[in-house]
Amino acid sequence: MSIFDRLFRIGKANVNAAIDKIEDPVKIIDQVLRELDEDVEKVTAAVTSQMAVEKRFQRELSGAEELVARRDAQARQALAANNEDLAREALLDKKKQVEKRDQLQESYDRAKSTADKLRTQLTELKSRVTEMKDQRNTLIAQAEAAKTQQKINQTMSGVGTNDVGATFNRMEEKIKRMHDEADAAYELANEDKSLDDKFAEVLKDARTTAVDDELAALKAELDANK
């Protein structure tokens, strides 16, 4: 059974299952089509050769039938001329030609039967090739879909969605902890300030207030002198 027959029958039953088992479906499909084209050429050559045999036997058969008819006519002519010996000779040769004609008839019938069978097979093969070429794009699309699904399955089996979700949850918790630690560090830093630092901040605020008051008084004086 050729690779075409295997794929053709499998494809009819379950194309997707067959494609999953093929390493590179596109190459296999193109290989099948190339083999089919080669088969068509071979069968066409065989049909042509057999048709030539059929025509040769047909031509020889026609010649034998004509010779039988001629010998019969010659025998009649000889008898009409009262030449019995010549008539007998013509009939003897006619008998030989009849036997030869019958043999040629059998050979022609066999050749024609074989040629008809090959022509039928060639028609069927061409129909299969046409069907497969029409299905090529569909098969390739199914093959690509199967390969994509396989990759997805492999990826999902390697890293499950639960694992991905858990990873993101851990990252979120870590970020929250970092924020909490930063807030805690700030609070601790403020709690650890010395008494002198606190008084310094109070005095700084007081100086800032005094400067602001003096600036306001200066503005008022300038406005009054205008």
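Annotations
- With respect to being β-branched (Val, Ile, Thr), at pLDDT 80 or above and over 30 Å from ARG59 (Cα atoms), THR120 falls outside the description.
- Residue match in region 73-82 (condition: part of a loop (DSSP other than H, G, I, E, B) and assigned by TED's automatic domain parsing to the domain that holds ARG136): yes
- Look at (1) within 30 Å of LYS151 (Cβ to Cβ); (2) free of Cβ contacts under 8 Å to residues at least 40 places away in the same chain; (3) surrounded by 12 or more Cβ atoms within 10 Å (Cβ to Cβ) and you find that ASP134 fails only one, number (3).
- Some residue of region 108-117 being without any contact (Cβ under 8 Å) to a residue 40 or more places away in the chain and β-branched (Val, Ile, Thr): no
- Of the residues in region 90-99, none is in contact (Cβ under 8 Å) with a residue 60 or more places away in the chain and crowded, with 16+ Cβ neighbours inside 10 Å.
The values are calculated or read from the model by the stated rules, or taken from the named source; none is laboratory data. Given the structure is predicted, the values throughout are model-derived calculations rather than measurements. Note: ideal-geometry Cβ built from the backbone for every residue, glycine included; neighbour counts use all protein chains shown.
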